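See structure below.
The values are calculated or read from the model by the stated rules, or taken from the named source; none is laboratory data. Source: prediction; values computed, not measured. Positions of Cβ are backbone-derived with ideal geometry, glycine not excepted, and every protein chain shown enters the neighbour counts.
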Amino acid sequence: MAGVIVFAEQHGGEIHPVSFELLSKGREVADRLGVELYSVLLGYNVKNIASELIYYGADRVYVFDNPLLEVFDPVRYKHIIASLAIRKKPELILFGATPLGRSLAPRVAVALNTGLTADCIDIRVDEEGDIVQVRPAFTGNIIAYIKTRTRPVIATVRYRVMKPPRRDLERRGEIIVEEAEVLEDTGIKVLKKVRDKEVRLADSEIIVACGRGLRRPEDIRMIEELARLLGGEVGASRPLVDEGWISRDHQIGFSGNVVKPRLYIACGISGSPQHLAGMRDSEVIVAINIDPSAPIFRVSDYGVIGDLYEVIPKLIEKLRSMGRG
Amino acid sequence: MGLHVIVPVKYVPDIEKVRFDVKSGRIDRSSAPGEINPFDLNALEAAVRIKEKLGGTVTAISMGPPQAESALRDALARGVDRAILLTDKRFAGADTLATSYTLACAIRKLGSFDLIICGEKTVDGDTGQVGPEIAEHLGIPHIAYVSEIREVSNDRILVVSDLGDGYYLVEMKLPGLIAVTKDINVPRLPTLRDKLRARKAIIEVWSADELVDVADVSRFGYVGSPTIVHRVFFPSERGRKAIIFRGVDAVDKLVEVLIEEGLLG
Ligand SMILES: Cc1cc2nc3c(=O)[nH]c(=O)nc-3n(C[C@H](O)[C@H](O)[C@H](O)COP(=O)(O)OP(=O)(O)OC[C@H]3O[C@@H](n4cnc5c(N)ncnc54)[C@H](O)[C@@H]3O)c2cc1C
Ligand SMILES: Nc1ncnc2c1ncn2[C@@H]1O[C@H](COP(=O)(O)O)[C@@H](O)[C@H]1O
């Protein structure tokens, strides 16, 4: 039996939206290959959310519901997914390129002795009927097309690069609650959550980001005020995070968050390749920079050449005068 | 007493200087000078701090071309006790499955260990897969995206890890593997004396032959790599409007276009 399997990532009983995007892509690939689309859901008390995966395109959902699966354990999760894959022999397994997916997928790939492609932005089926994985490489300077000569093909796919499908309450499918062997002692014990993320920039529609053009940590307040007036969040380039001016949850770029807001305003950011790697797919990019030759202007829709210490207060004043905030 | 910590480090090209041959799809690494993967410096620092606290030894291991020796010298200058270079034509062209397999075999060959510390990812491979894959080959647990080590003892480690919806306190029995983010520490700079010492240190060089008793040679390198780069190309930078405002009315004009774009709705 062949098929495409989408791993449904859930946290506290809530399905991560990347899973719906994967179902959309998985549906497309499954239809091209003429196979079924499955989803696999692991957790505790998650049976009631399985139908969502059907509404978003799955033909069949395999649910593993067990108190031991409530929080993520890469070894325990791997054991279940690899066993399912051995039974179902899928052509393709997709995971979100989230911290969880990127920790789990490699273990599954090794357990199945197959290839894994990280951080894909597209999955296609070419004229020969081969599955092609598309991923940026070298901080997005090049795009690579990758094929896998073993089965299943496994890939992690970035959040928000694919359109989520329409939720179709009319769709019917099969929900199969599986009784599986759940490993007791894996050597890993998740004790407790210590902290939430300060902000989830991957979900933000408007981001005002600041860089080394800022002179003092206090000046981030000005950026916060602008973000507030626009209904957005604050982002930062890496140096501000390394200096401890702002938490790492705000960092954008190669070693931070990859974001895709409707509006990205870069204030005092030069536009290094590592920074661009995290924001170049934003809908509209605005740059405020004193240096007309700053590379950020080359990827911007709108640029203001000027001192951010003059431009931003003016912008804040203007927005206030328009009755915002 | 003390722990045996192993740190896999990769020798990577300075990515800003790499050239690409679009026609052949080849990446010309020889055009760029190499260095130790920046993220692996955090892994080395974490390992050395554990040694300073509990005693023991740190072994750095790298699979790469002969020049990767320089990454291992850097590791030695930063406090590593032993350095092993896996270099052989038969290792070349490895994807993450073959790389992790080769590293896991070498680690097995080394005998006993307590903890493996990997970097979050490499600047050239950029997958973050090799760490968890090594753990699966060795049948040991792993924790990825570790931003803090709270406690280490001879048989367990307590860390803070990003599981996506927040940061969690996670305990792992040893032997195990962690992959650390850049936020875990600020790597020290080696002193001149450390560098001189490292220059004279011995680096053990292993070829595929050294691994035959613990490995299946057909799983090394290009032959053992299921993923193949089929084609590479430069993405056309999405056409941006590149409209520049300057002067006294720049802000007014910016607000105007933002309204037009429907972004101030
Ligand atoms: C392995 C690796 C990973 C990395 N990951 C990331 C990452 O994830 N994210 C990231 O951002 N960086 C990352 N970097 C760092 C990156 O290479 C750059 O150093 C960094 O992005 C530069 O930040 P910046 O633009 O804020 O600072 P700079 O490059 O110093 O730019 C500051 C800009 O501010 C402008 N400016 C100064 N004063 C004013 C003023 N008064 N008004 C207006 N403009 C002003 C200047 O003209 C300049 O263009 C990484 C580097 C490495 C090696
Ligand atoms: N060729 C290699 N030699 C030694 N360690 C490696 C090698 N490739 C990857 N690693 C380790 O695995 C981590 C993740 O690498 P990657 O999966 O390539 O992003 C790195 O930070 C290193 O610790």
Condition set away from chain B (no Cβ under 11 Å) and at negative phi, scope segment A:262-279, selection nearest to ligand 2 (Cβ to nearest atom): answer is A:G278
With the condition kept exactly as written, say whether any residue in segment A:294-309 is near ligand 1 (Cβ under 9 Å from one of its atoms), of a type in the set (D, E, K, R) and more than 10 Å from every other protein chain (Cβ to nearest Cβ).
-> yes
Within 11 Å of another protein chain (Cβ to nearest Cβ) and under 23 Å from B:I259 (Cα atoms) - does that describe any residue in segment A:234-257?
-> no
Looking at B:K121, B:K109, B:K182, which one is charged (D, E, K, R) and surrounded by fewer than 21 Cβ atoms within 10 Å (Cβ to Cβ)?
-> B:K109
List pairs: first in segment A:114-127 and within 11 Å of another protein chain (Cβ to nearest Cβ) and within 21 Å of B:E133 (Cβ to Cβ), second surrounded by fewer than 17 Cβ atoms within 10 Å (Cβ to Cβ) and modelled with pLDDT of 95 or more, Cβ under 8 Å, 6+ apart or cross-chain?
-> A:T114/A:T150; A:G115/A:R149; A:G115/A:T150
Subset of segment A:215-261, residues in contact (Cβ under 8 Å) with a residue 40 or more places away in the chain, in contact with a strand residue (DSSP E or B) (Cβ under 7 Å, 6 or more places away or on another chain) and either more than 18 Å from A:N289 (Cα to Cα) or within 16 Å of ligand 2 (Cβ to nearest atom) (or both), comes to A:L230, A:H250, A:N257, A:V259, A:P261
Is it the case that B:S100 is in a helix (DSSP H, G or I) and within 10 Å of ligand 2 (Cβ to nearest atom)?
-> yes
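Looking at segment B:44-97 only, could you name the residues that are in a helix (DSSP H, G or I), closer than 22 Å to B:I202 by Cβ and either in contact with a helix residue (DSSP H, G or I) (Cβ under 9 Å, 6 or more places away or on another chain) or within 14 Å of chain A (Cβ to nearest Cβ) (or both)? Break it down stepwise before answering.
Initial filter on segment B:44-97 (in a helix (DSSP H, G or I)): B:44-54, B:66-77, B:89-91, B:96-97.
Keeping just the survivors that are closer than 22 Å to B:I202 by Cβ gives B:44, B:47-48, B:51, B:66-77, B:91.
Within segment B:44-97, B:L44, B:A71, B:L72, B:R73, B:D74, B:A75, B:L76, B:A77, B:F91 qualify.
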Scan segment B:125-144 and give yes if some residue there is of a type in the set (D, E), within 16 Å of ligand 1 (Cβ to nearest atom), outside any helix (DSSP H, G or I) and under 17 Å from the mean Cα position of the chain (by Cα), otherwise no.
-> yes
If you take the residues in segment A:312-325 that are surrounded by fewer than 22 Cβ atoms within 10 Å (Cβ to Cβ) and among the hydrophobic types (A, V, I, L, M, F, W, C), which one is farthest from A:L214 (Cα to Cα)?
-> A:M322
First in segment A:273-299 and outside the structural domain of A:I252 (by TED's automatic domain parsing), second anywhere and modelled with pLDDT under 95 and surrounded by fewer than 16 Cβ atoms within 10 Å (Cβ to Cβ), Cβ under 8 Å, 6 or more apart | none
For the subset of segment A:157-198 comprising residues that are in a strand (DSSP E or B), in contact (Cβ under 8 Å) with a residue 60 or more places away in the chain and within 14 Å of chain B (Cβ to nearest Cβ), which member is farthest from A:E9 (Cα to Cα)?
-> A:I188
Return yes or no: is A:D219 of a type in the set (D, E, K, R), within 16 Å of ligand 1 (Cβ to nearest atom) and not assigned by TED's automatic domain parsing to the domain that holds A:L37?
-> yes
Does segment B:152-159 include one or more residues that are within 8 Å of chain A (Cβ to nearest Cβ) and either surrounded by 23 or more Cβ atoms within 10 Å (Cβ to Cβ) or of a type in the set (G, A, S) (or both)?
-> no
Of the residues in segment B:165-182, those that are in contact (Cβ under 8 Å) with a residue 40 or more places away in the chain and either assigned to a strand (DSSP E or B) or more than 22 Å from A:F72 (Cα to Cα) (or both) come to B:G176, B:L177, B:I178, B:A179, B:V180, B:K182
